[in-house]
1. Which pairs have Cβ atoms under 9 Å, sit 6 or more apart or on different chains, and link a residue in the range 132-158 that is in a helix (DSSP H, G or I) to one that is at pLDDT below 80 and open to solvent by less than 40 Å² (accessible area, probe 1.4 Å)?
2. Run down Asp51, Asp40 and say which single residue is open to solvent by 70 Å² or more (accessible area, probe 1.4 Å), on the phi > 0 side of the Ramachandran plot and not aliphatic (A, V, I, L, M).
3. So how many residues does the range 70-93 have that are assigned to a strand (DSSP E or B) and open to solvent by 50 Å² or more (accessible area, probe 1.4 Å)?
4. Quick check: anything in the range 9-27 of a type in the set (A, V, I, L, M), closer than 25 Å to Phe174 by Cα and either exposed (fewer than 11 other Cβ atoms within 10 Å of the Cβ) or modelled with pLDDT under 80 (or both)?
5. I'm trying to understand the selection: among the residues of the range 36-69, which are assigned to a loop (DSSP other than H, G, I, E, B), within 20 Å of Ala118 (Cα to Cα) and touching a Lys or Arg at 6+ places or on another chain (Cβ under 7 Å)?
6. For the range 94-109, what are the residues that are open to solvent by 20 Å² or more (accessible area, probe 1.4 Å), part of a strand (DSSP E or B) and closer than 30 Å to Asn35 by Cβ?
Amino acid sequence: MRELFLDFTNLYNSRMVYTSEAEAIQNTEIGEANNYILNDSFVFNKIYKKDKVSGIFYQNAKGLDNVACESQILLLSNVLVRKIIFIGFCEWGYFKEKFKLECSDGTGEYAKVYFSDAVWPLEKAGECCFAAENALYMDGCRYFHEVKMKSGKGYMYYYLTEFQETKKVNKIIFPENCLMHI
């Protein structure tokens, strides 16, 4: 099965990449806690690779570059899915959510996603948890790419969900958690 990058720029509702501090100050939202990615450490329309995972990042015509999850619905047309990888980060904590994939045969699958906080390296997440919590939350989140943020280093992560069988997917429903960015 070939690799497919889903284009969901029409769902973008957040911006994290800015060319300068002046531009960021003028445009950042309160919820972003005045933190942002400096564009000299990030390139749009370039395929990034980490291990066997690839990702491409876009910016839409409004300058938005990611989705802060708020139950958005991505409509697809019978896209064959055996595994799905989400790339992103969280702000103000570590969160585990499920994305619902509605299939053409009427069934649904759930893709679990867990991301670490953008400004804390993934390995630091385990330091604040008990062993049971660490096992629960660190079971699939992996480091993908480091970026330069206003506050210092920032991190993006990926999470892979593989299904028992290949399904035709018509819709992906994002979770309701505006602190998770895809």
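1. Pairs that qualify, where the first residue is in a helix (DSSP H, G or I) and the partner is at pLDDT below 80 and open to solvent by less than 40 Å² (accessible area, probe 1.4 Å), are Glu133/Gly126; Asn134/Ala125; Asn134/Gly126; Tyr137/Ala125; Tyr137/Gly126.
2. Numbers: Asp40 fails: on the phi > 0 side of the Ramachandran plot.
Sole residue among the options that is open to solvent by 70 Å² or more (accessible area, probe 1.4 Å), on the phi > 0 side of the Ramachandran plot and not aliphatic (A, V, I, L, M): Asp51.
3. From the range 70-93, those assigned to a strand (DSSP E or B) are 70, 73-90; that's our starting set.
Restricting the remaining residues to those that are open to solvent by 50 Å² or more (accessible area, probe 1.4 Å) gives 70, 73, 75, 77-78, 80, 82-83, 85.
The number of residues fulfilling the criteria is 9.
4. First pass over the range 9-27, keeping only residues of a type in the set (A, V, I, L, M): 11, 16-17, 22, 24-25.
The next check asks that each one be closer than 25 Å to Phe174 by Cα; those that pass are 11, 16-17.
From what is left, the residues that are either exposed (fewer than 11 other Cβ atoms within 10 Å of the Cβ) or modelled with pLDDT under 80 (or both) are none.
No, the range 9-27 has no match at all.
5. Listed by number, the residues that qualify are Tyr36, Leu64, Asp65.
6. Step one: filter the range 94-109 for residues open to solvent by 20 Å² or more (accessible area, probe 1.4 Å), giving 94-98, 100, 102, 104-109.
Cutting the leftovers down to part of a strand (DSSP E or B) gives us 95-98, 100, 102, 108-109.
Correct list: Phe95, Lys96, Glu97, Lys98, Lys100.
The values are calculated or read from the model by the stated rules, or taken from the named source; none is laboratory data. Keep in mind that this is a model prediction, so the values were computed, not measured. Please note: Cβ atoms are built from the backbone with ideal geometry, for glycine as well, and neighbour counts cover all protein chains shown. In case anyone asks, the SASA skips ligands and DNA or RNA and just uses the protein heavy atoms, side chains included. Shrake-Rupley method; radii C 1.70, N 1.55, O 1.52, S 1.80 Å.
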